[in-house]
Every structure is written in C-alpha cells, then in structure tokens.
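Data first, discussion second: the structure below is written as structure tokens.
The values are calculated or read from the model by the stated rules, or taken from the named source; none is laboratory data. Please read these numbers as outputs of a predicted model, since none were measured by experiment. Cβ: placed from backbone, ideal geometry, glycine included. Neighbour counts: every protein chain shown. Surface accessibility is based on the protein's heavy atoms, side chains included, excluding ligands, DNA and RNA. Shrake-Rupley method; radii C 1.70, N 1.55, O 1.52, S 1.80 Å.
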Amino acid sequence: MDKTTLNVLKTKAKEIRKLTIEEIGNLGSGHIGGSMSIADLLALLYYHKMKVDPANPQWEGRDYLVVSKGHAGPVVYAALASKGFFPVDWLKTLNQGGTRLPSHCDRVLTPGIDMTAGSLGQGFSTAVGMALGLKIDGKSNRVYAIIGDGESDEGQIWETAMFAAAKEITNITAFTDYNKQQLDGYVKDILDLGDLTAKWKAFGWFTQEVDGHDIETLDRAIDTAQGQKNEGKKPSMIIMNTIKGKGCNFAEGIDKNHSMTFNLDKAKEAIAALEEQTAK
C-alpha cells in the first residue's frame, strides 16, 4: 500500500469515527465501544478492498459484508453514509421511530446492509452460508464477516467454524474484533477464550493475528489470506487486537464502555479531542 492510499484510509477511518460519535450523541446513548474498535477495518474494506456500488447496493457483482456483532450498527451506518449509500443526515435518526437505521443492522431497512444481525452467532452462520452459495454458483464475489470476542462465547460460532473448514469455503475472510471486553466485563473473566489464534487454527482455518488499528498491516493480512498458496483450501480468520472505544476519549479502554449514555455536547468534545490527537 502506498503512502497516499494509506493516508486517505486513515482520514476515512477518522471520518467514520467522528460520524459515529455524533450519531450516537445525537440519540443520547448507544453501542460506542464495539463500534469504534472496528472503524479502521471498515475504512479499509469500504474504501479499498470490497467491490461495492453505493448507487446500486444490490449489485450482483458486489462483495458482501456481514457484521455479525450487529450492535456495531452505528459505525457500519457511519461508513455507509460516508461512502454515499445514503445521506449523512440519516445518521440523526439512529434508533428513533420510523428510522431506517435501527440499533442493530437490518438488511430490509438499510441500503448497503447485506445481512440482518443481532442475535449473536447467527450473522456468522449466514455469512458462511452466503459464501457457500456463491461458491456453488461459481461466482467470484467474496464475503467478509466480523464477529466479536464476546460473541465467540456462542457455540454457534464454533459450529460455523467447523462447517466452513469441512466444506473448504475459501471465499470468506472473517475478522474477530478482539477488544478483550464484552457487555458484562472482560472476556477473560466471563468465559476466557484462551489462545484464540491456536483455537481457530485447530478448527481448520488459515489464521493470522494482527494489530486491528494498523490499516497497512490489516491490508497485508487480507492479501495474505486471499492469496494463501501453501495452506490448502481453508477459510480465513484474521484476529484483530483492538481497543474497545478506540478514538473516543471518554470511552477508549475503560470499563463498562459497551453501551454508554452521552449527549451531543460531550460528543462534540470527543470529536474535537480526536481531531487534536490525529493532528499530532
């Protein structure tokens, strides 16, 4: 990746974070923590990796994204609005009556959403099913899926993992947002995942572990996953070490930052702090 592209993607990630903070602040509460931790990945996917057409969200040649941790809807909406799938003004309607942007992603309501998610674990299953369907049809579209580390407590995640490996579903690239926190506390205290990289390898996936906030490293990991030459026909998992709330000064890396209550004034202060931080 050249420096110009990298700088553009860093700028887009910052824009997505700002829109997300303002979007939730306008509502007064929302899932800030797990939204902010995947902003860098979404900037990379929507602006560099995925084939998408904002003017035609149902384009048959598109790549698909399933955010199985569906409570991260606010950051997905921010990325879609930034990319031009719908007007940025829609973000002011988040989770309000009559909105097309509900708290959790809904493919029926929101242009650019490929799969409804909310009940943890189910989105990942459908993502693998989508990839299998594309494989059976001989299509070249790719499926990308994002799961949470708290979501990885769900047995359905591991059933899906076994299925994808057994069926050699290589047209999916999955990511674990490994921010080490979930709704009720720290993952290690609630249900420790152990050596997550070793676990995914044991389940038959081509597995890499990277800094989830380093866009250039993420880009290389995706290329490596999709160009694997010596690993056989394996699905790909990229475990992203991230910080919950990354880029929001009152949420980053603190306890109980899964869903937070804050007003628009506090949101604007956080946006100003983000601007100052990234300008250094």
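Taking trypsin sites (Lys or Arg not before Pro) across the stretch 1-59, the ones in a DSSP loop with at most 15 further Cβ atoms lying within 10 angstrom of their Cβ are LYS51. Longer than 19 Å from Cα to Cα, which of LYS51/LYS83; LYS246/LYS268; LYS10/LYS246; LYS14/LYS268; LYS49/LYS92 are they? Say none if no pair is. In this structure, LYS49/LYS92 lie more than 19 Å apart at Cα. The local environment of GLY121, defined by Cβ-Cβ distances under 14 Å, has a net charge of -4 under the rule Lys, Arg +1 and Asp, Glu -1. Listed by chain and number, the aspartates and glutamates whose alpha-carbon sits under 17 Å from that of LYS199, ignoring those within fewer than 8 places in the same chain, are ASP149, GLU151, ASP153, GLU154, GLU159, ASP177, GLU209, GLU231. Highest-first packing order for the peptide set 58-64, 119-125 is 119-125, 58-64, based on the mean count of other beta carbon atoms within 10 Å.
Rolling a 1.4 Å probe across all protein chains gives HIS71 an accessible area of roughly 30 Å². The 1.4 Å probe gives accessible areas that order HIS31, HIS48, largest first, as HIS48, HIS31. Candidate cross-link partners of LYS139 among the aspartates and glutamates, defined by an alpha-carbon separation under 17 Å and a same-chain spacing of 8 or more, comprise GLU60, ASP63, ASP114, GLU168.
Counting protein heavy atoms only, the stretch 77-195 has 51 percent of its accessible area on carbon and sulfur, 1.4 angstrom probe. Shown for the stretch 1-43: the carbon plus sulfur share of the solvent-accessible area, taken with all protein chains present and a 1.4 angstrom probe, equals 46%. According to the square roots a ≥ b ≥ c of the eigenvalues of the Cα gyration tensor, what is the shape class of the stretch 122-280, taking rounded for a/c under 1.5, prolate for a/b larger than b/c otherwise, and oblate for the remainder? It is prolate, given that a/c is not under 1.5 and a/b is the larger ratio. Heavy atoms of the protein chains alone define the surface here; on that basis the chain has 43 Å² accessible area per residue at 1.4 Å probe size.
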